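Here's the structure we're looking at; comments come further down.
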Amino acid sequence: MRSIFVLVAALAACGGVQDTGTSAASTVALEAPAQPASLSPVSAQGRGRARASAASGDTSEGSREASDASATATGTPDASPTAGAAPTEIADSARPPAPGIVRGLYVNRWAAQSARRMRGLIAIADSTEINAFVIDMKDEFGLNYQSADSTVARNSGTAGSVPRLRALLDTLDKHGILTIARIVVFKDSVAARRNPDHVILRPDGQPWRDKHGLTWVDPYDKSIWEYNIRVAEELARLGFREIQFDYIRFPEPYKSLPPQVFRDANGVSKPEALANFFREACPRIHRAGARCTADIFGLVTTVPGALEVGQQWEKLSPLTDVLLPMVYPSHYPRGSFGVDRPNADPYAIVKAAITRAHERDIALGLTGSERVRPWLQAFTLGKPAYGAHEIEEQKRAVYDSGYDGWVLWHPGSLYETFVPGLEKNVVSRRKSLAEARSSPKPSSQ
C-alpha cells in the first residue's frame, strides 16, 4: 500500500509539497494552536454560555448528493440487523463526551469567508434554537483554512480560505454555537489533480471520471485516508468540537460510465473499506479532542444491505459518534414508503426513514439519544416550494422518531425564509421509540 510519504513525494514531483522523508524525525508535526485573536464585529448578547450547555452537554452540488434516490442497493443477505447483535464499536477512552441537543445550519465555504454573512448567521442562532454550525473546511474546491501541516497545505486549492479562523471559532464559542468541520473526503478534485497516482482508474489505466467529468481519489488508498485524517486532526486541535466526513463513499457506478478500477482493493468490499477508514480515523480524532461523525445517503436507513456506493448502516453506525442521513424528501422517488409525492409529504418521508434508523441502532445495541442527527431540506427542488411549514413538518418527524437533533441544508446557506419555522429556544421534543412507532401522521394541509 502506498504510504503518506509516497503521496508527499508525488506532491513534490508536481510542484506540491516538500518531501518529508520516511523517518519519524522528518515528519511534520502539527503546530499547537495559538491563542485566538478577538473578533470584534459581533457581540455575544449574553446567550452564549447557556446555549453552549444545550449543545455540548456540559454547559454547488446543487441540492447536494442529488443522486441519493438513484443509488442502488446490493442487498447483501447478511446485512439485516438481528436483535442483540454484538456491535463492532471501538472502545475508546479518548472519546469526547456526547453533546446534548444539536440543531444546526450548514455554512458553505463562501459564507464562512464573509464576515457579513457570518454576522447574519450568528444573528439567526442568537434568536432561535440553532446552536451549531457545520462549516465547510475541506470541500470539492480544496481546503478552506490555512494549514500549518506542510503535507496538507499544498492541496489547498485556489478558492480562498476563512480569514482569522481561530478568531471566528472563538466568537462562535462565545455565542454558544457548536463548531462542526465538514470535510469532503473522496470527491476531492484538488487532491486528485495533484496526486494522479491516487485516483480511481478506468480499465485502460486512465483516470475514471464521473458524470460531471470529475476525478475521485481512491477510497481504498491509505495515503488518501492519512491526508484526510491529518486535516481532521488539525481542525480538531484548532478548536472544532466535531469532525463531519462527507462524500465518505464510492462514486455511483453508472452503466453509462466505464467500470471503476481500484488498485488497492485486494478483495476488500466497499462497505468494509469505509468501515476500516473510520476504525483508523475516529480514535485519532477523539484523541485530538473532537467527535467523529459522517454524512450518508438517506436510503441507507431503510435499505437492508449496502448501497453500491459502499454505505451500510450496520458497518458505520457502531464506529461513528453520529450518523447524519440526508433524508431530503425531494430526493426520494415517487411511491417511497407508500407516498405518491415524497416532496409534498415531508413528515411521512422523514418519519419513516429516521424511525427505521432508530430501530437498526437498537438492534445493534446502540441506544444514545443523539446518535442520529438527520439533514433536513431547507431548499426547494420541485413542487411545492419549501418554507417554514415544511421545516416544521420535518422537525416534528425527527422528534416523533425518537431524536432531538437535526441540521438544515441550504446549498447557498440562505436561511431567512425558514426562520419562522424555528423555535426561539432549544427544548427537547423527542418521543420514545415506542411512542415513535405509534405516532400517527398529522393531517396534511
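Which one of the conditions (1) under 30 Å from P374 (Cβ atoms); (2) aliphatic (A, V, I, L, M); (3) open to solvent by 20 Å² or more (accessible area, probe 1.4 Å) does I200 fail to meet, given that it meets all the rest? Condition (3) is where I200 drops out. Of the set (1) at pLDDT 95 or above; (2) open to solvent by 40 Å² or more (accessible area, probe 1.4 Å); (3) in a helix (DSSP H, G or I), all apply to D78 but (1). Being modelled with pLDDT of 95 or more, surrounded by fewer than 23 Cβ atoms within 10 Å (Cβ to Cβ), in a loop (DSSP other than H, G, I, E, B) and touching a strand residue (DSSP E or B) at 6+ places or on another chain (Cβ under 7 Å) is a property that P259 lacks. For residues that are surrounded by 18 or more Cβ atoms within 10 Å (Cβ to Cβ) and out of contact with any Phe, Trp or Tyr (no Cβ under 9 Å at 6 or more places or on another chain), scanning just segment 96-112, find the one that is nearest to A167 (Cα to Cα). The selected residue is A111. Is it the case that some residue within segment 419-432 is open to solvent by 10 Å² or more (accessible area, probe 1.4 Å), of a type in the set (K, R) and farther than 20 Å from P325 by Cβ? Yes, that holds for at least one residue. Scanning segment 160-186 for residues that are open to solvent by 10 Å² or more (accessible area, probe 1.4 Å) and either touching a His at 6+ places or on another chain (Cβ under 7 Å) or under 24 Å from V261 (Cα atoms) (or both) yields no hits at all.
Within segment 127-150, the set of residues being open to solvent by less than 10 Å² (accessible area, probe 1.4 Å) and either of a type in the set (V, I, T) or over 22 Å from the mean Cα position of the chain (by Cα) (or both) comprises T128, I130, V134, I135, D149. Among the conditions (1) over 27 Å from P99 (Cα atoms); (2) open to solvent by less than 40 Å² (accessible area, probe 1.4 Å); (3) in a helix (DSSP H, G or I), the only one that Y386 does not satisfy is (3).
Could you tell me whether any residue of segment 235-254 is of a type in the set (S, T, N, Q), closer than 27 Å to A159 by Cβ and not in a helix (DSSP H, G or I)? Full working, then the answer.
Going residue by residue through segment 235-254, those that are of a type in the set (S, T, N, Q) are 244.
Going one step further and asking which of them are closer than 27 Å to A159 by Cβ, we end up with 244.
Keeping just the survivors that are not in a helix (DSSP H, G or I) gives 244.
Checked against the condition, which is being of a type in the set (S, T, N, Q), closer than 27 Å to A159 by Cβ and not in a helix (DSSP H, G or I), segment 235-254 yields at least one hit.
Within segment 299-314, at least one residue is part of a loop (DSSP other than H, G, I, E, B), in contact with a strand residue (DSSP E or B) (Cβ under 6 Å, 6 or more places away or on another chain) and open to solvent by 20 Å² or more (accessible area, probe 1.4 Å). One residue stands out among those in segment 349-369 that are touching a Pro at 6+ places or on another chain (Cβ under 9 Å) and open to solvent by 20 Å² or more (accessible area, probe 1.4 Å): the one that is nearest to G402 (Cα to Cα), which is E359.
Please go through segment 281-336 and give me each residue that is among the acidic types (D, E) and under 28 Å from T380 (Cα atoms), ordered by number. Before the answer, list the steps.
So in segment 281-336, the residues among the acidic types (D, E) come out as 295, 308, 314, 321.
Residues satisfying the conditions are D295, E308.
The values are calculated or read from the model by the stated rules, or taken from the named source; none is laboratory data. All values reported here derive from a predicted model rather than from experimental measurement. All Cβ positions, even for glycine, are placed from backbone atoms using ideal geometry, and neighbour counts span all protein chains on display. The accessibility values were calculated without ligands, DNA or RNA, using every heavy atom of the protein model including side chains. Shrake-Rupley method; radii C 1.70, N 1.55, O 1.52, S 1.80 Å.
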